[in-house]
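The structure appears below as structure tokens.
Please treat every number below as a calculation from the coordinates, not as lab data. No experiment lies behind these values; they were computed from the predicted model shown. Note that we place each Cβ from the backbone using ideal geometry, even for glycine, and neighbour counts take in every protein chain shown.
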Amino acid sequence: MSSRRVPRIPEILELIGRPDPLRSSIQRRLDRCAGVVDVRSLARRRVPGAVFDYVDGAAMSESSLRRARLAFREVELTPRVLRDVSGVDTTTQILGGVSSLPIALAPTGFTRMMHHEGESAVVSAAGAAGIPYALSTLGTTSIEDVASAAPSARRWFQLYITRDRSQAEDLLARAAGHGYDTLILTVDTPVGGIRYREIRQGLTIPPRLSMGALADIALHPRWWMNAVTTEPLTFASMASTDGTVGDLLSRVLDPSVTGDDLAWIREHWSGRILVKGVQSVEDARLVADLGVDGIVLSNHGGRQVDLGTVPLELLPRVVDAVGGKVQVAIDGGILSGADVVASLAFGADFVLVGRAYLYGLMAGGQSGVARIIEILHKEIRTTMQLIGVSTIAESREAQVRLRSS
Ligand SMILES: Cc1cc2nc3c(=O)[nH]c(=O)nc-3n(C[C@H](O)[C@H](O)[C@H](O)COP(=O)(O)O)c2cc1C
């Protein structure tokens, strides 16, 4: 029988552990998050409901987003064992540059609404981690300010072709002049999608102080204090109008854009071009033939068409069709490092993530984005080791299937 003794206070304190006074309480909470889903829960508590729904929501029944996420749950990776995985390398070439991970942070509009530091926080976290970041046409920080927030980060610029072409021309010249090396041309937005959550929340651009918003101040005082004591929320590259983001897009975007407009882009942009929003094998072929550098199989995170195609399901056929010609990326529904490795195994060269980093931003600004990248990095490494691959090239050769097909 074990002999017993009176517990000693210092030993108990040692077991409990002392909080590190140099780590802020939000950093401690971020560190306790096991995965992206935990950061999402933290984000939900930190920002007003309308802001969370703007990020978390998708078009109409939200089926496009739900299916994109569910497709990842149908993935079956075949682990290979007895392979030396002691030296895993997650670096890869993305559009002619080295990236520490097969990930780029997707363009997202209205980012300073999620956290007052907005795009500057995101580009700084991306730069520190050695992955590219794409600034949106609907950004809330200017092309110039994002460049000076993280001069050494790899920066891309995302363009929506607007009715007023001189505005797009000006944006392209400024992006090229400030070291943005890749243009993302988003083509799944002839008009804005219809998002019920935004309409129900009454979220307008710029946000208005409704009675509901006033009540929310009591619940999220920190968010409101930051919002009213920093620069007012406006689009940096586009005039704001009343109405939802969808209304604004429908007003300013040019629905007559076709493949021929790429020639116009080429005249005004000499860097690399990535076309984002391809959703069929036919269009992947068409776009690859237009002489671009890459395509992103994307349904805009389910925010545009409802009942659309699922990028992951299309991926193998698109890689077969255009893989040797252009780099193929995928986005939509990626919430873990295993999802990233699954995308590679189905042939993607890299992935974009959107909501995952926005959850981090809402939860804790730059530290939250950095925590998301750290989580994804660890999960990518671990998944690669557990399936017996050591490089991104080997991950693209891993055995994989969708259980439902
Ligand atoms: C809040 C939010 C704003 C977005 N804004 C833009 C945008 O301005 N331009 C664009 O090309 N895509 C935009 N997207 C789509 C993302 O670039 C990306 O395709 C999508 O988020 C990927 O899906 P995921 O969020 O499930 O990772 C936005 C997505 C979200 C969630």
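Worth a mention:
- Over the chain, relative contact order from alpha-carbon pairs under 8 Å, at least 6 apart, %: 28 percent
- Compactness of the stretch 30-402 was expressed as the Cα radius of gyration divided by 2.2 N^0.38 Å, which yields 0.94.
- Ranked by how many other Cβ atoms sit within 10 Å of their own Cβ, fewest first, the residues Tyr196, Tyr357, Tyr180 fall in the order Tyr196, Tyr180, Tyr357.
- Each listed q (0.13, 0.15, 0.18 Å⁻¹) maps to a log10 I(q)/I(0) for the stretch 309-389, found by the Debye formula over equal Cα scatterers with no solvent: -0.45, -0.58, -0.78.
- Cβ-based net charge around Ala153, under 12 Å, with every Lys or Arg adding one and every Asp or Glu removing one: 0
- In order along the stretch 102-112, the Karplus-derived 3J(HN,Hα) couplings, from 6.51 cos²θ - 1.76 cosθ + 1.60 at θ = phi - 60°, round to x, 9, 10, 7, 5, x, 9, x, 6, 5, 6 Hz, and Gly and Pro are given as x.
- 3J(HN,Hα) couplings calculated from phi for the stretch 299-309 with the Karplus curve 6.51 cos²θ - 1.76 cosθ + 1.60 (θ = phi - 60°) are, in sequence order, 10, 6, x, x, 8, 9, 7, 7, 6, x, 7 Hz; Gly and Pro show x.
- The residue list Ser86, Ser64, Ala121 was ranked by how far each Cα lies along the charge dipole of the stretch 1-149 toward its positive end, using unit charges on Cβ atoms, and Ser86 comes out on top.
- The stretch 67-150 - convex hull of the alpha-carbon atoms, volume per residue in Å³: 156 Å³
- Scanning residues 5 or more positions from Leu159 or on other chains, those with amide H under 5 Å from its amide H are Ile184, Leu185, Thr186, with H placed 1.01 Å from N in the peptide plane.
- The charge dipole of the chain, taken about its Cα centre with unit charges on the Cβ of Lys, Arg, Asp and Glu (plus for the first two, minus for the last two), comes to roughly 1660 debye.
- If you take all other residues with their beta carbon under 13 Å from the beta carbon of Val389, and give Lys and Arg +1 and Asp and Glu -1, the sum is 0.
- Contact order relative to length of the stretch 154-276, as percent, for alpha carbon pairs under 8 angstrom and 6 or more apart: 44 percent
- Taking Cβ atoms as reference points and 14 Å as the exclusive limit, the residues near Arg44 contribute a net charge of +2, counting Lys and Arg as +1 and Asp and Glu as -1.
- Rel. contact order, % - alpha carbon contacts under 8 angstrom, at least six apart, the stretch 117-189: 32 percent
- Using equal-weight Cα scatterers in the Debye expression, the normalised intensity of the stretch 167-265 in log10 at q = 0.10 Å⁻¹ is -0.42.
- 5 Å-binned pair-distance histogram of the stretch 1-56 (Cα, whole percent): 4, 14, 16, 13, 14, 9, 8, 9, 6, 4, 2, 2, 0
- P(r) histogram, all alpha-carbon pairs of the stretch 117-170 included - 10 Å bins from 0, percent: 26, 50, 20, 3
- For a modelled paramagnetic label at Arg401, 7 Å from Cα along Cα-to-Cβ, the residues of the stretch 52-74 in reach, with backbone nitrogen under 16 Å, are 74.
- Debye intensity ratio in log₁₀ form over the Cα atoms of the stretch 163-223, taken at each q of 0.22, 0.26, 0.29 Å⁻¹: -0.93, -1.12, -1.27
- The length gained by stretching the chain between Glu11 and Lys378 to full extension, at 0.36 nm per residue less their Cα-Cα distance, is 128.9 nm.
- Between Leu386 and Ser142, the C-beta separation translates, for a Förster distance of 30 Å, into a calculated FRET efficiency of about 0.10.
- When every Cα-Cα distance of the stretch 210-313 is counted in 10 angstrom steps from zero, the calculated P(r) takes the values 11, 27, 30, 18, 13, 1 percent.
- In sequence order, the stretch 5-17 has phi-based couplings of 8, 6, x, 9, 4, x, 5, 5, 4, 4, 5, 5, x Hz under the Karplus curve 6.51 cos²θ - 1.76 cosθ + 1.60, θ = phi - 60°, and Gly or Pro positions carry x.
- Where labels lie 7 Å past Cα in the beta-carbon direction, separation of Glu169 and Asp254 in nm: 1.1 nm
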